[in-house]
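The next block holds one structure in the form of structure tokens; read it before the comments.
The values are calculated or read from the model by the stated rules, or taken from the named source; none is laboratory data. Only a predicted model underlies this, so the values are computations on that prediction, with no experimental measurement involved. With ideal geometry, Cβ positions are generated from the backbone for all residues, glycine too; neighbour counts draw on all protein chains shown. Note: accessible area is taken over every heavy atom of the protein model, side chains too, but ligands, DNA and RNA are not part of it. Shrake-Rupley method; radii C 1.70, N 1.55, O 1.52, S 1.80 Å.
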Amino acid sequence: MRRPTIADLAKEAGVSISTVNRILAGTASVKGTTVQLVQAAAERIGFYGVGAIEDRLRKSVPKYRLGFLLQQSSRELYQLFGKKIVEACRARRDEVVDPVIDFVDLLTPENIAGRLKALGEACDAVAVIAADHPVIAQAIRELHDKRKPVTAYITDQSARERAAYVGADNWKVGRTAAWLIGHMTAGSGRIAVFIGNHRYQCQDVADASFRSYMREHAPHLSIEDSRPTHEEPSEAYRMVKELLATTEDLVGILIVGGGISGVLRALREAPEDRRKNIRVVCRDIGPETQKGLSEGLITAALCHPLEKTSVTLVQTMVETINQGAPGGTIHRTVPFDIVTPENM
């Protein structure tokens, strides 16, 4: 098979042969967008000099190093977030984005704040998923003063110095969960609410809106006090086992934090005639949730679309770097997906 030539590449990219030669030589100025056009064409036709074109592209466009502080390296959901973030960075065509993915397993505010500041020192901008706490707010403030913008991701922060928030409308998440459980539950009964931590804004807002809807539209259902799982499946397992043993009229579980694998484990151990009458709504869409949906143990998952959320996050972080003097907080709401056993 004939090896593609420079003339073939120029024709595929819709540019002149001299433009391709200038890119390959790297001795003359060529617009970054033109280099990107030629790079894409080179990849399509298998041009032998694609490596040289990629090198030229890296030298002709802006370069950013973005840090992402995620949680719990052991949770498959956060591993998926990390992979989608890397893909979103690699897909950028107007700049070269180098992603730095860091996972925090010890979720104390002091540890998160320290890791956040260290990441900020090494990057142009950072994104963080964390509980809202004064210690973390102070870290955001310090990075802001050093012109290192911080974007709150998935759950917002109250620090006024944060540069942006990217995530779902959590008020709608809670009311949607309530609508689903309310319309799929016959008669009276009790509903348990599991949160990861009272300081996660996304969880607290969803919890409040869930109760708001139930007070208005389903007063026959009794909502129990929120139970924190501390994002630990073992704690969620223990709490569900206790509920099944002590609450005869349990008809629903809303879990807006981590621990879905523990909930599912407890339900699998329960008699089928007991668990089939319990409606479960969660926020996770990792492999364990998908398995629970396929088994019919989960009624619905209200979750972030991983790809779209990651693309929006990276775009927003680049904007926070380029906006110059700090202005108002950028707020990007990404519509959440509703996944059921029938549309997964």
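So, for the chain, what is the accessible surface per residue at a probe of 1.4 Å, expressed in square angstrom? Intermediate values should be presented prior to the final figure.
Values: 15690 Å² over 344 residues.
On a per-residue basis, 46 Å².
At an R0 of 22 angstrom, the distance between the Cβ atoms of GLU110 and SER234 translates into a FRET efficiency of 0.40. Neighbours of ARG115, meaning other residues whose beta-carbon lies under 12 angstrom from its beta-carbon, give a summed charge of -3 when Lys and Arg score +1 and Asp and Glu score -1.
Sparse packing (at most 16 other Cβ atoms within 10 Å of the Cβ) combined with a DSSP loop state is found for the following trypsin sites (Lys or Arg not before Pro) in the range 230-280: LYS276.
For the peptides 165-177, 88-100, the ranking by mean Cβ contacts within 10 Å, running from highest to lowest, is 165-177, 88-100. Shown here: the chain, whose C-alpha atoms stretch 78, 52, 33 Å along the first, second and third principal axes, sorted largest to smallest.
Computed from Cα atoms, the angle from the helix 170-183 axis to the main principal axis of the chain rounds to 40 degrees.
Backbone amide hydrogens, once placed in the peptide plane, bring VAL97 within less than 5 Å of TYR64, excluding anything fewer than 5 places away on its chain.
Here the range 22-54 is scanned for amide nitrogen atoms under 20 Å from the site 7 Å beyond the Cα of ALA91 along Cα-to-Cβ, giving 33, 36-44.
Amide H contacts of ARG75: none lie under 5 Å away among residues 5 or more positions distant or on a separate chain (H built 1.01 Å from N in the peptide plane; Pro and chain starts excluded). Each label point was placed 7 Å from the Cα along the Cα-to-Cβ direction; for TYR48 and SER158 their separation is 6.5 nm.
Counting helices only, and only those DSSP H runs with n ≥ 4, report the 222 nm mean residue ellipticity of the chain as the sum of -39,500 (n - 2.57) divided by its residues, in deg cm²/dmol to the nearest 500.
-15000 deg cm²/dmol
Between SER74 and ALA7, the simple spin-label model (points 7 angstrom out along Cα→Cβ) gives 6.3 nm. Each label point was placed 7 Å from the Cα along the Cα-to-Cβ direction; for ARG332 and ASP225 their separation is 4.0 nm.
How about the range 1-61: which trypsin sites (Lys or Arg not before Pro) there lie in a loop by DSSP and see at most 12 other Cβ atoms within 10 Å? It would help to have the intermediate numbers written out before the result.
Numbers: sites: ARG2, LYS11, ARG22, LYS31, ARG44, ARG56, ARG58, LYS59; in loops: ARG2, LYS31.
When the trypsin sites (Lys or Arg not before Pro) of the range 1-61 are filtered for loop state and at most 12 Cβ neighbours within 10 Å, ARG2, LYS31 remain.
Its Cα gyration tensor gives the range 178-236 an equivalent ellipsoid. The semi-axes, each the square root of 5 times an eigenvalue, are 22, 13, 8 Å from largest down.
Where Lys and Arg each count +1 and Asp and Glu each count -1, what net charge lies around ARG141 among other residues with Cβ under 13 Å from its Cβ? Please list the in-between numbers first.
Details: positive: LYS117, LYS146, ARG147, LYS148, ARG160, ARG162; negative: GLU142, ASP145, GLU161.
Local net charge: +3.
Counted by Cβ distance under 15 Å from VAL339, the other residues give a net charge of -2, where Lys and Arg count +1 and Asp and Glu count -1. Every Cα-Cα pair of the range 196-344 was included, and the share exceeding 26 Å stands at 33 percent. Residues of the range 301-344 falling in the label zone of ARG268, defined by backbone nitrogen less than 19 Å from a point 7 Å along Cα to beta-carbon, are 301, 341. Near the amide H of GLU231, within less than 5 Å, lie the amide hydrogens of GLY258, all on another chain or at least 5 residues away, with H placed in the peptide plane.
Given a 1.4 Å probe and every protein chain left where it sits, what share in percent of the accessible area of the chain is carbon and sulfur? All intermediate terms of the calculation are to be shown ahead of the outcome.
Working: 7850 of 15690 Å².
After summing per-atom areas, the C and S share lands at 50 percent.
Net length available on complete extension from MET184 to LYS291 is 36.4 nm, with 0.36 nm assigned per residue and the Cα-Cα distance removed.
Seen against the Cα atoms of the chain and their longest principal axis, helix 201-217 is set at about 50 degrees.
Only bridges with both residues in the chain count here: give the DSSP antiparallel percent, nearest 5. Mind dumping the intermediate values first?
Working: 3 of 42 bridges.
In the chain, approximately 5 percent of DSSP beta bridges are antiparallel ones.
Distance distribution note for the range 282-344: the fraction of Cα pairs above 16 angstrom is 54%.
For the range 141-157, putting each phi into the Karplus relation 6.51 cos²θ - 1.76 cosθ + 1.60 with θ = phi - 60° gives couplings of 4, 5, 5, 4, 5, 8, 6, 10, x, 10, 10, 6, 10, 6, 10, 7, 10 Hz, in residue order, rounded to whole numbers and with x for Gly and Pro.
Pairs of Cα atoms nearer than 8 Å and 6+ residues apart set the relative contact order; for the chain it is 15 percent.
Rounded to whole numbers, the Karplus 3J(HN,Hα) couplings from phi for the range 256-261 are 9, x, x, x, 4, 5 Hz, using 6.51 cos²θ - 1.76 cosθ + 1.60 with θ = phi - 60°, and x at Gly and Pro.
To the nearest whole percent, what portion of all C-alpha pairs in the range 1-124 is separated by more than 16 angstrom?
Details: 5142 of 7626 pairs.
Looking at the range 1-124, the distances longer than 16 Å represent 67 percent of pairs.
Taking only Cα atoms, what is the 0 to 90° angle, nearest 10, from helix 306-322's long axis to the longest principal axis of the chain? Once rounded, the angle reads 60 degrees. Pairwise Cα separations in the range 241-305 fall into 10 Å bins from 0 onward with the following percentages, short to long: 22, 59, 18, 1. Can you give me the Cα centroid spacing of the range 207-250 and the range 124-202 in angstrom? The range 207-250 and the range 124-202 have Cα centres separated by 19 Å.
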